[in-house]
1. Kindly indicate the residue of the range 136-168 that is buried (at least 21 other Cβ atoms within 10 Å of the Cβ) and among the polar types (S, T, N, Q) and also modelled with the highest pLDDT among those meeting that condition.
2. Scan the range 288-298 and tell me whether some residue there is part of a helix (DSSP H, G or I), in contact with a Lys or Arg (Cβ under 7 Å, 6 or more places away or on another chain) and closer than 30 Å to His335 by Cα.
3. Please determine whether any residue of the range 305-319 is in contact with a Ser or Thr (Cβ under 6 Å, 6 or more places away or on another chain) and of a type in the set (Lys, Arg).
4. Does the range 336-355 include one or more residues that are under 20 Å from Phe234 (Cβ atoms), touching a helix residue (DSSP H, G or I) at 6+ places or on another chain (Cβ under 9 Å) and part of a helix (DSSP H, G or I)?
5. Residues that are at pLDDT 80 or above and in contact with a helix residue (DSSP H, G or I) (Cβ under 7 Å, 6 or more places away or on another chain): find the helices (runs of 4 or more DSSP H) completely inside the range 1-113 holding 1 or more of those.
6. If you take the residues of the range 278-322 that are among the polar types (S, T, N, Q) and surrounded by 17 or more Cβ atoms within 10 Å (Cβ to Cβ), which of them is farthest from Leu236 (Cα to Cα)?
7. Looking at Ala69, Ala54, Ala133, can you tell me which residue is on the phi > 0 side of the Ramachandran plot and surrounded by fewer than 18 Cβ atoms within 10 Å (Cβ to Cβ)?
8. Among residues belonging to the range 351-366 that are surrounded by fewer than 19 Cβ atoms within 10 Å (Cβ to Cβ) and charged (D, E, K, R), point out the one that is modelled with the highest pLDDT.
Amino acid sequence: MENETLDRTAAFSDGESVPDVGCIDCDIHPTVPGIASLLPYMDEHWKRQVVERAIYRSDFTSSSFPPNAPGLCRPDWRPEHGRPGSRPEDLIKHAIAPFGTRAAILNPLSGVQSIADIGMAVAFTKALNDWIAKEWLPYDMRFCASIVVTPEDPGAAAQEIERLASNGRFVQVLMLAGNELPLGRPFYWPIYEAANNHRLPIAIHCGSNYKHAPSFLGWQSYFVAEYVDHPSIFQLQILNIITQGVFKRFPRLRFVCSESGFLWLPAFLWRTLKTWRGLRFETPWVDKSPVEIIRDNFRFTLQPADAPLAPDVFERVFDQLQSDEMILFSTDYPHHHFDGVRALPTGISATLARKICVDNPLTTYPRLKELQR
């Protein structure tokens, strides 16, 4: 890959910063301050349920992201009062201004997708989307958002996509990596059909709705064990989506794996291709290499960049992937994966930095590309 220089060469070459190209942040997390914030966007039935069932006492924090875990928020990003990322002005100060961000996709990681009562989950999910639409998107034109859906009611999820599709600042659909069923199952296809019809990628974000234990070993005792195991869930979901024939039905649909890491991809692609060649008779509808499908239909957000600090690691990984189009810039704010403004790995070329920060996001998100004109 060609080595080029940018205006901020000294800082960039040391990994101190991101190139001055107007980055597009594909995974950034606004935080719901509390249940009371969502009540104005719920109908009278569900408002009454919240009061009479004392649901207002819960904050619906996802156990996948315990808010006080040191690794999930930098000390300098913690406000004196309230939760990190709960105010637009803090998010802009900490995660947009320092990186010269021209657009940021808001992915709210509320626990509403984990509510066991499906009707209630749908109601809270709609309220969450309306809260983002009314209180965040008007605040700054750089904000875009994901449509959060309740996958365990695919019909309602498809209706939610249809309801919000006319708002061009919703640029993708957000699901969790850990659901009740594998994501390739036809059960979920109404969601994919609605997203495909409106040119919306499906973001699969790290996390679980805890309908099942989130690991092969059952329920872990410590968060470190659960968090480190997240990439294995993505690997299983990717293979399930391919082998169940999702792309035979929706060949242009794209999935964005958010907060999944990606340094595991080369070995995963090699093992997948090797095994598929010997067992392709099982899935004749997978009529091209899974490696080609993954390169064409899956994208991965940059953070966490789970790699050693050696400067040539990332260039070697991209050579092994034989693609420079799969990685999308992200800060994953307020989660703590890098120091200062070192969101980009050390040692990558300026050409690759431009692809990650701008070109790849604009190619992945058709609606975002239209907004940037």
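The values are calculated or read from the model by the stated rules, or taken from the named source; none is laboratory data. Note that the structure is predicted; figures quoted are calculated from it, not measured. Here the Cβ positions follow ideal geometry from the backbone for every residue, glycine too, while neighbour counts run over all protein chains shown.
1. The residue in question is Ser146.
2. Yes, some residue in the range 288-298 is part of a helix (DSSP H, G or I), in contact with a Lys or Arg (Cβ under 7 Å, 6 or more places away or on another chain) and closer than 30 Å to His335 by Cα.
3. Checked the range 305-319: no residue is in contact with a Ser or Thr (Cβ under 6 Å, 6 or more places away or on another chain) and of a type in the set (Lys, Arg).
4. Within the range 336-355, not a single residue is under 20 Å from Phe234 (Cβ atoms), touching a helix residue (DSSP H, G or I) at 6+ places or on another chain (Cβ under 9 Å) and part of a helix (DSSP H, G or I).
5. Working: elements: 9-13, 44-52, 88-91.
Of the helices (runs of 4 or more DSSP H) lying wholly inside the range 1-113, those with at least 1 residues that are at pLDDT 80 or above and in contact with a helix residue (DSSP H, G or I) (Cβ under 7 Å, 6 or more places away or on another chain) span 44-52, 88-91.
6. If we take residues in the range 278-322 being among the polar types (S, T, N, Q) and surrounded by 17 or more Cβ atoms within 10 Å (Cβ to Cβ), then Gln303 is farthest from Leu236 (Cα to Cα).
7. Values: Ala69 fails: on the phi > 0 side of the Ramachandran plot; Ala133 fails: on the phi > 0 side of the Ramachandran plot.
Just one listed residue meets the conditions, Ala54.
8. Of the residues in the range 351-366, the ones surrounded by fewer than 19 Cβ atoms within 10 Å (Cβ to Cβ) are 351, 354, 359, 362-363, 366.
Going one step further and asking which of them are charged (D, E, K, R), we end up with 354, 359.
Values: Arg354: 91, Asp359: 94.
Per the criteria, the residue is Asp359.
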